Each structure stands twice: as structure tokens, then as C-alpha cells.
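Take a look at the structure below.
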Amino acid sequence: MQIEKLSLAKRREKRQLLVENKLRFAGPDSELSIYDTYRAAKGVGLAADQLLFCGMVSGRKVMHDLHHQQGQLFLPHESYVLPPGDYVEIDFPDANESAPTTCLTIEISKDRIDSLSERMRDLTTLEIVDHSWEYRPQIIHKHHTGDTQQLLEKMVMLYTADNPDKEIMLDLSVTELVIRLLREQGRDVLLSYCQQAPDASGITAAIHCLEQNLAAPLDIEQLCRKACMSRSRLYVEFKKQLGCTPGEFQQQLRLKSAAEAIQAGKSVTDACYSFGFNDLSHFSRRFTRFFGCAPSAYRQKTTNN
């Protein structure tokens, strides 16, 4: 993520803390904080009064919460959402003066989230029996899409810039970020439901088929038969339920599975060909675009934990 308005040199000029420097910028119903950590450290506490949407900019952190005592690695192009009232402890294994670990948090009021949840309930429903758009206060740790990455970069520029339309544009951006969060939560619920009841509906049957045949070429006609839908209807439902096309969803599943295999010690070449990619260069380009770094760099970051 580029924080062009606040170069590392400028952020260091007025640094007041030995280990960490924090800059804060207020917005409508929200607040941006940018953290630069200059020393390796363990067990640094972070508590949330409101919802915290966290994004890594550079370096690595290890996040410890009640459900993950051993810690979860937190890398650039990932989001970590901390609900109101929750607490985590953070390790900074690589932070140093020449290459500080940098991250940001965007604090969003609960009232704002509740208001948007109500609006989404009025507009659309998901094919899940027990799902509503109400925010579920749980920790979410996910790789986020390129669109979310671009949104975060835009928000940093808006918070730090002197723009006459700053408040209006930030208000719209916070709304978009919350909608993305609620969509991601709904997607998680749908995929979990699919694991329990793959034949519950047409869309769950199609999702299950893709998950079970990751290395196979995309067969839209087969998915249509599984879902009992026309081609056009299948695409409409994927966009509505998952926010992407069947092909994009398959690509996401393949890349995430390949990343998990690389993190588990599999070679980049084996991970490439095990999950339906037929060309190593093509796989590397796709991986880099999705995760923000090449497969070999990802391997080094995740296995050197």
C-alpha cells in the first residue's frame, strides 16, 4: 500500500516513541491511525472500543487472540477486523529502524455499521436460512481483493489530504468499506453453510462442485446442470451471492489453496500444477496480483515465521 502523502522520512521527523510511532486522522464516524514500529517486540496489546478494520502496509505481524493462541501471520494485502470490545496481542518479529513494520487501522462507529446492515437487509437476501446482514461481532482475518486494496489506499489519501470535499468522499468510502465487510461476512456464512449442506440450493451445489474439482478446467455447462440454472441465471446468482463470476471464484479458490500449500512447505512449482495452473509464469503473475508479492517471496515470508 502506498502512503504517498506521508513518506517514511516525514513520519520519522516528529517521532516521539522509541518503539512505535502513531499518527491519527479524524473523519466522519471514523478515524485513521498509521503505526510505524521500529523495534522487534512481542505481546503488544491492542484493544477496540469501536470496530477496527486493520490493514498491513509493510512487514509482518503475528496476531494472537482468544481463538488463535499460537498466533496468525498478518501480511500486506490482508485485512484483520477487530470487533468492539475485543483485544489482541501482537508480535513484531522483523521491525527495525531501516525497515519499520507499518500498518493502519480505520475505526468505524457501531451505529454506522448497524445503519448500513439495516439498509442491506432491505435491499437483498442471501440463500442462507439463518443469515441476515446484521454485523456478527467476530474477528475476521482474510486476504482482501485488489478492489479493497485500492479502496484502502484511496482512504489514506483522503484522510491525509486537504480536500474541500474530504468529508463527503470519506463518508462514501467508509460506507463502501463497511459494505465490503458485511459482504465478506455473508460470503463466509454461505461457504460454511455449503460445507454442511452442499445440495441445499442451486448455488451451494455449484460452489461445492468447484471446490471439489479445483484442478479441473472450468465447465460452465456442468455448473449449470448442478445448479439447475441457465447460464445467465448462474452468473447473476454468483454475482449476487459471492460478488464475482464462477471463473473468478474458481481462480480465488485455486490461488488461496496454492498459497496454503506453499506455506505448508510445498514448492512453488508443485503448488502451481496441483491446482489447475498450466504455466508457471502465468501462475506467478496471477499470484503476485492477488497477494501483492511473488510466490517465492510469499514462501519466504510465511515459512520464516
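Annotation for region 116-139: no member residue is buried (at least 16 other Cβ atoms within 10 Å of the Cβ) and basic (Lys, Arg). Applying the criterion of being in contact (Cβ under 8 Å) with a residue 60 or more places away in the chain and of a type in the set (Lys, Arg) to the residues of region 208-256, the residue that is surrounded by the most Cβ atoms within 10 Å (Cβ to Cβ) is Lys256. The strands (runs of 3 or more DSSP E) falling completely within region 1-64 that include 3 or more residues that are surrounded by fewer than 17 Cβ atoms within 10 Å (Cβ to Cβ) and either of a type in the set (A, V, I, L, M) or modelled with pLDDT of 85 or more (or both) map to 41-47. Restricting Ala297, Ala264 to those that are at pLDDT below 90, open to solvent by 50 Å² or more (accessible area, probe 1.4 Å) and among the small types (Gly, Ala, Ser) reduces the list to Ala264.
The values are calculated or read from the model by the stated rules, or taken from the named source; none is laboratory data. All values reported here derive from a predicted model rather than from experimental measurement. So basically every Cβ, Gly included, is an ideal-geometry build from the backbone, and we count neighbours across all protein chains shown. These area figures cover heavy atoms from the full protein model, side chains too; ligands, DNA and RNA do not enter into them. Shrake-Rupley method; radii C 1.70, N 1.55, O 1.52, S 1.80 Å.
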